[in-house]
Amino acid sequence: MSNTLIELKDLHVNAGEKEILKGINLKINKGEIHVIMGPNGSGKTTTANAILNNPEYTKTAGQVIYEGENINDLKPDEIARKGVFMSFQLPEEIPGISVTNFLKYAKNKITGEPVKIFQFKDELKKYMEELNMNPKNMDRSLNVGFSGGEKKKNEILQMLVLNPKLAILDETDSGLDVDAIRTVSKGIEMFKNENNAVLIITHNNKILHNLKVDYVHVLVDGKVVTTGTQELATEIENNGYSKYKK
Amino acid sequence: MAKTQVEEINRNVYDIVDKDNYDFKIEKGITKEIVEEISKQKNDPEWMREFRLKALEVYNKLEMPTWGPDLSELNMDEIATYVRPKTKLNNSWDDVPEDIKNTFDRLGIPEAEKKSLAGVGAQYDSEVVYHSMKEDLKKQGVIYTDMETAIREYPDLVKQYFMKCVPVNDHKFVALHGAVWSGGSFVYVPKNVKLDFPLQSYFRLNSPESGQFEHTLIIVEEGASLHFIEGCSAPKYSKINLHAGCVELIVKDNAYLRYSTIENWSKNMMNLNTKKAMIGKNAQVDWVTGSFGSKISMLYPLSQLNGEGAKTEYTGISFAGEGQNLDTGFKAIHNAPNTSSVVNAKSISKNGGKCTYRSLIKISPKAKGSKSSVSCESLMLDDISVSDTIPVNDIQTDEVEFSHEAKIGKISDKTIFYLMSRGLSEEDAKAMIVRGFAYPISKELPVEYAVEMNNLINLELEGTIG
Amino acid sequence: MLSINETPVRTSKSFNINNININEDEIPDKTYEFNNVEIIGESSKIKIDKIQTPIDLKYGLGEELTNQVKTKSNQNYQIIVDSKTNKEVTFNFNFDKENASLVENIDITANEGTSASFIFKYESSKSLKAYHNGIIKLNAKENSKINIIIINLLSDESNNFLTIDNTIEKQANVEYTIVDFGGKKTITNYYSNVKGDLSENNLNTIYLGKDNQVIDLNYIAELYGKKSNVNIEVQGALKDKAKKNFKGTIDFKTGAKKAKGEENENCMLLSDTAKSLALPMLLCSEEDVEGAHSSSAGKIGEKELFYIMSRGFELKEAQKLMVRANFNKILENIKNEDLKNLVLKNIDLILN
């Protein structure tokens, strides 16, 4: 079997009437960490949402191939059950459903197996400690009243628990302080192995300081304008995107 | 996205019809002769007979409500107001006739008693068929019995309070209740006695084209504390049934009462119920209500805050499906300084159902330093249903903090996408959000009832949360 | 007794808010002439004719008051907006001994793509027993933009009845700012048929009540248009024995997909005998909408008052400052500086 996990082929995506992605090509192999950088409005978040087929976006051309299968028209939950995870920029608040119950339920949906509650809680507690999360959050309603940082850490917690093959982190670092960014990086390191992959979407590269990244793609106006390695991120940190804008 | 089918509540357990196997059923309609006959059948003392006849006069004078749901389908000439089951009041399950026992078994009543209740009462049609309470409570002077026994054994107490809290001229169906009431529970908790476990009364209306008019009178003396639960259900018939109960709660200084209701009447029921609490100094009454059944409901419990520092909270949810019009809400009258009321009302409308939140918060000139905060949330699950919020806020003095907030809308697409990205199907996602929406109410109920309520909400939904 | 200004949906009679009762004799049988009208800012872009137009209302204050305008009006204006104009047209209705009773019918049609602003000011000498019963009917056609400011500075002896009825077509935008300071009784019925897709209606009201003034506001917005938008904001303060009834209805009709409606009402109570009665209704028969309302009442916060007083303001001044702060956002809608100063001066006078 090929080592390719996911491939975007000439992907065009609209948000409403407006074309956001104008032909994206991207290939991610197992064991790799990719980064998409780009100025505001370049289509970074759209890329993430298009992979998970968020109904707010429409694919007008191109393909999303995941493990050799075209997943263009699968429903978000079907894609999630195949092993794609997305960390949201603005995680939704769900009153009345605790973090524990939610994750237990989601884990059961993803694995299709019953979840052993005590073992599960222990696992959860372990991850929460690693992520410097308050264990009391386990029993709080999902994301309700969480601070920005708590919400982002909770996304990383979900990633660790659900253990996907492809984790897409959409601006998980934005709005976080240095310590929180380090914690998120730690979470990614804990998650990462040779059989899975990570796609990090960011517009600053603080999060990259603590991670070893394989590829950096620069997205401008709905297209990948250049691809490089970690040095490219450093260059952008110093000089900005102006060089790549038309 | 395709519309989710959030299924109708599976009512099988509730809909099993017993044979209409009564001992006595009064002829249909409401006349002086009928009221006299009921009084005779029930062996009323003279004062009660007179009370009934007076109430009937008031009933005949009062007009039907000029607001709220359309009650034109209710024809009192088609309702039998008194149906006596073929049994006496029993103190042991073994003595309850087999068919009635089976009904309550199916509803899980005796099990609940064993597990977590301090006492149980069960009413079948117009009469209470079973009553029991833990021995140690009897020794502490707690009274828990049916209203008829109470009239015989504690006439002074009953006379002092019976329909004083809710006067018969309050509205037409209270007057009707006064004329034909039968059954219900009487509870007396002496000073400083605190019950650790709840008392529960369950009301079952089996007889077709009939009415249930139980009267519940609860007196919680100074410093005492009680949790009372009522449950109600009926099988579905094609013709209209009527429920016009009356609940009177007297909660004295420093006392506490929690009154929980799970209402699951069948969808041919007109539920025109009246509930009121008189709350003394530093006392508190909490209402927890889940309304799922009935064709039409009009029910607005009233907390009258009479003593300084009195408190009340109302936590309620209504779920209206096809053919249902649930007009519910709450009334709080602040009559003393530094009183407080908190309202948390939620509703879910689907399949053409209509939910209305109707309320009154009144802060009288005497109630300086009072606080009231109201929050209403309505969820619409499709575009053929209706959800209305009709709150009246009557603020008559300046030293108050009053706020009211309401929101209406559907489940956000963004939230659904978030949950689907975690592997939940769209149906699961919506069901989870609805359960979360109802959680603030279900968490206030004892476990068995929370489970029953969750069953009522999502018996038919795919998957359940652990 | 006449029952007027009924709410579109009834609730329990005992709540005393379904309608307001007035005596028959509060509506005079006979109306006299009214000639003291000043119109400022007339231009060729707006056609004003002094003719009576047919009156057809969905709600209105009640048959008696509506009929009075139909049959006994003493001022009639048919106004047609034909193009875009930035300049506002002001109607000053000045009440005095000779002109004490005004029954007017104003009919505004804003043609497609036009825009205009109007100010209607009703002002009387201090102790005059004035009578006002008016109907303002507005038809805002596609893409039109109409801004209306209504200033009520009638004396405390006056009866003030006003009916507003709007039809708002596709992408039209209608904005009202109402200042209700005067009148022994001020009774307003406001209705908007928010009909067109993407149409918008904003209604901002400030009121002040003193002595035995009664203010009865019945605001109704029915949303039919997709992505239509309604915003009702009401800020007021009551002192002495003044009483206010606020009845606000936002009604989402089936088909009004993605419509939004918000209603916010706040009443500052400046005495322990002032009374605030409110019924903020949200009616909804469409799933895909966002509706919200909030209503609050109470004294001005002790902390805020203390803070302001600690800066050297005496209690009355501090109260005024707080009331003005709450009114500020709405006052900003009044761009005409003279008019704004007049309103500010009146706030000052009333709260003294």
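Miscellaneous remarks
- Residues listed by number, region C:285-300, amide nitrogen under 18 Å from C:Lys257 label point at 7 Å toward C-beta: C:285-291
- Legend: helices of chain C (whole DSSP H runs) are marked when their alpha-carbon atoms reach 18 angstrom or more along the helix axis and their mean Kyte-Doolittle hydropathy is at least 0.0; marked are C:337-350.
- Bridges between two residues of the protein assembly as shown, per DSSP, are antiparallel at a rate of about 20%.
- For region B:395-436, the list of GluC sites (Glu not before Pro) that fall in a loop by DSSP and count at most 15 other C-beta atoms within 10 angstrom is empty.
- Base-10 log of normalised Debye intensity for region B:80-191 (one unit scatterer per alpha-carbon) at q = 0.10, 0.20 Å⁻¹: -0.34, -1.18
- Among the trypsin sites (Lys or Arg not before Pro) found in region C:291-352, those both in a DSSP coil and sparsely packed, with 15 or fewer other Cβ atoms within 10 Å of their Cβ, are C:Arg311, C:Lys335.
- A simple spin-label model places pseudo-atoms 7 Å from Cα toward Cβ; at A:Lys116 and A:Lys223 they are separated by 5.4 nm.
- Computing FRET efficiency as 1/(1 + (r/R0)^6) for C:Asp272 and C:Ser310, where r is the C-beta to C-beta distance and R0 is 30 Å, gives about 0.80.
- Subtracting the Cα-Cα distance of B:Glu111 and B:Thr149 from their residue separation scaled by 0.36 nm leaves 11.2 nm.
- Cα lying deepest toward the dipole's positive end in region B:12-299, options B:Phe51, B:Phe292, B:Leu226, charges on Cβ: B:Leu226
- Taking amide H atoms as placed 1.01 Å from N in the peptide plane, the amide H of C:Tyr190 lies under 5 Å from those of C:Ile164, C:Asn218, C:Tyr219, C:Ile220, each 5 or more residues away in sequence or on another chain.
- Entries of B:Lys172/C:Lys70; B:Lys331/C:Lys253; B:Lys172/B:Lys366; B:Lys362/C:Lys184; C:Lys70/C:Lys129 with Cα pairs more than 32 Å apart: B:Lys172/C:Lys70
- Between region C:287-352 and region B:368-426, the C-alpha centres lie 27 angstrom from each other.
- DSSP bridge analysis restricted to region B:12-299 gives an antiparallel fraction near 20%, rounded to the nearest 5.
- Compared with the rule-of-thumb size 2.2 N^0.38 Å for a compact globular protein, region C:37-303 has a Cα radius of gyration ratio of 0.99.
- With both labels modelled 7 Å from their Cα along Cα-to-Cβ, the A:Met190 to C:Asn111 distance reads 7.1 nm.
- According to the Cα-based calculation, Rg over Rh for chain A is 0.95, with Rh computed by the Kirkwood formula.
- For B:Glu399, the amide hydrogen comes within under 5 Å of the amide hydrogens of B:Gly369, counting only partners 5 or more places away or on other chains and with H modelled in the peptide plane.
- Summing charges over neighbours of C:Gly41, with a neighbour being any other residue whose Cβ is under 15 Å away from its Cβ, gives +1 when K and R count +1 and D and E count -1.
- Efficiency of FRET between B:Asn91 and B:Val342 - r from beta-carbon atoms, R0 30 angstrom, step 0.05: 0.15
- Percent breakdown of C-alpha pair distances by 5 Å bin, ordered from the shortest bin, for region A:122-235: 2, 11, 21, 22, 20, 13, 6, 4, 1, 0
- Taking the square roots of 5 times each eigenvalue of the Cα gyration tensor of the protein assembly as shown, largest first, gives ellipsoid semi-axes of 50, 48, 26 Å.
- The heavy atoms of C:Glu6 present about 80 square angstrom of accessible area, all protein chains included, probe 1.4 Å.
- Size of charge dipole - region C:37-303 - debye, nearest 20, with Cβ of Lys, Arg +1 and Asp, Glu -1, no other charges: 240 debye
- For B:Val392, distant residues with modelled amide H under 5 Å away: B:Ser359, B:Leu360, B:Ile361
- With Cα atoms, 0 to 90° folded angle of helix A:178-191 axis to chain A main axis: 80 degrees
- Accessible solvent surface per residue of chain A, calculated while the other protein chains remain in place, 1.4 angstrom probe, Å²: 44 Å²
- Check: the protein assembly as shown dipole with +1 on Lys, Arg Cβ and -1 on Asp, Glu Cβ, in debye: 1440 debye
- Annotation: the antiparallel percentage among DSSP beta bridges lying fully within region C:37-303 is about 5.
- According to the calculation over all Cα-Cα pairs in chain B, the P(r) per 20 Å bin from zero is 25, 59, 16, 0 %.
- Charge-dipole axis of chain A as Lys and Arg at +1 and Asp and Glu at -1 on Cβ define it, positive-most pick from A:Gly96, A:Asn72, A:Val224: A:Gly96
- Simple point charges give the picture: +1 on the Cβ of Lys and Arg, -1 on the Cβ of Asp and Glu, and for chain B a dipole about the Cα centre of about 820 debye.
- Within region C:1-133, the proportion of Cα pairs with more than 21 Å between them is 53 percent.
- Across the accessible surface of region C:37-303, with the other protein chains kept in place and a 1.4 Å probe, carbon and sulfur atoms take up 43 percent.
- In the protein assembly as shown, a dipole from Cβ-located charges (positive for Lys and Arg, negative for Asp and Glu) runs towards its positive end, and of C:Ser124, C:Val194, B:Met278 it is C:Ser124 whose Cα lies farthest in that direction.
- Candidates per trypsin sites (Lys or Arg not before Pro) in region B:163-230, loop by DSSP, up to 14 other Cβ within 10 Å: B:Lys164, B:Lys191
The values are calculated or read from the model by the stated rules, or taken from the named source; none is laboratory data. Only a predicted model underlies this, so the values are computations on that prediction, with no experimental measurement involved. We place every Cβ from the backbone using ideal geometry, glycine too, and count neighbours over all the protein chains shown. Please note that ligands, DNA and RNA were not included when accessible areas were found on the heavy atoms of the full protein model with its side chains. Shrake-Rupley method; radii C 1.70, N 1.55, O 1.52, S 1.80 Å.
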